[in-house]
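First the structure, in the form of structure tokens, and then the observations on it.
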Amino acid sequence: MKIRGKKMALAARTVTAFRQRRFSYEDWLIFCFGAGIIGGTAVVLLFGEGALGRGLLAGEGREDLWGKGMISCLTETLKDGGMEQAMKEAGVVSLLAKRLLQMTAGWVAGLTICSPFFFGCITCWGGMCLSGALAFLTLEKGVWGLPVFLWLLFPQGVIYGITWAVLAGWAGGREHRLHLAAFFLLLLFTAAGALLEGIFHHP
């Protein structure tokens with residue numbers, strides 16, 4: 001009886017603590033990301049490929065990367081026309097401008113009074129883009145959809161993920177500081193990700 005009473009008391013305290021727990025900033029980001037995943041999947045199922053635009057799937061046609069490997073493909077590209085030609089063919093300039101603009105939007109969102117709300121919207125949009133691409137690839141390639149999706153995220157996805165985490169931390173802080181020095185470093189970091197994405201995954 002004593003053991004049963006202790007278990008019931010522990011369960012009651014757990015339920016009480018759960019009820020008293022406030023909806024945190026991290027919970028908000030998880031909710032927004034989850035909503036974006038559901039929304040992106042629904043959009044692809046309802047409207048198909050046209051709903052995605054170009055985005056992540058733009059490099060899906062470069063199947064030579066899958067077979068040859070990243071290093072060998074880059075070596076061949078540089079031999080054919082050098083880095084400048086490779087960047088022109090990959091559309092790196094327009095892609096770089098797009099990614100830097102997106103990163104700057106996240107930074108600006110963190111400076112506003114409603115920074116958690118705005119950054120949650122950005123997180124929701126990111127979840128929609130990712131889930132939409134995964135849904136389309138799954139419909140097109142079946143069980144190979146997930147491996148191809150992960151391949152298209154590498155290596156720039158690691159850089160973008162770190163960038164998002166830093167911006168999320170700034171947006172959730174109590175003091176909305178400019179972080180100018182760190183911001184310019186983050187710009188360079190994002191530019192490196194865009195360069196990798198443009199060379200390896202952009203047509």
Name the single residue that is farthest from Ser131 (Cα to Cα) among those in the stretch 142-158 being at pLDDT 90 or above and surrounded by fewer than 13 Cβ atoms within 10 Å (Cβ to Cβ). Val158
Could you tell me which residue of the stretch 105-116 is surrounded by the most Cβ atoms within 10 Å (Cβ to Cβ), considering only residues that are touching a helix residue (DSSP H, G or I) at 6+ places or on another chain (Cβ under 8 Å) and in contact (Cβ under 8 Å) with a residue 40 or more places away in the chain? Gly110
List the pairs whose first member sits in the stretch 174-192 and is more than 22 Å from Pro116 (Cα to Cα), whose second member is outside any loop (DSSP other than H, G, I, E, B), and whose Cβ atoms are under 7 Å apart, counting only residues at least 6 apart or on separate chains? Phe189/Ile159; Phe189/Thr163; Ala191/Leu96; Ala191/Leu100; Ala192/Ile159
From the set of residues in the stretch 81-125 that are among the small types (Gly, Ala, Ser) and over 18 Å from Trp164 (Cα atoms), which is modelled with the highest pLDDT? Ser94
State all residues of the stretch 161-173 that are part of a helix (DSSP H, G or I) and either without any contact (Cβ under 8 Å) to a residue 40 or more places away in the chain or under 19 Å from Phe31 (Cα atoms) (or both); if no residue qualifies, say none. Gly161, Ile162, Trp164, Ala165, Val166, Leu167, Ala168, Gly169, Trp170, Ala171
In the stretch 125-140, the residues that are of a type in the set (A, V, I, L, M, F, W, C), buried (at least 21 other Cβ atoms within 10 Å of the Cβ) and under 15 Å from Ile30 (Cα atoms): Met128
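The values are calculated or read from the model by the stated rules, or taken from the named source; none is laboratory data. All values reported here derive from a predicted model rather than from experimental measurement. FYI the Cβ positions are ideal-geometry reconstructions off the backbone, even for glycines, and counts take in every protein chain you see.
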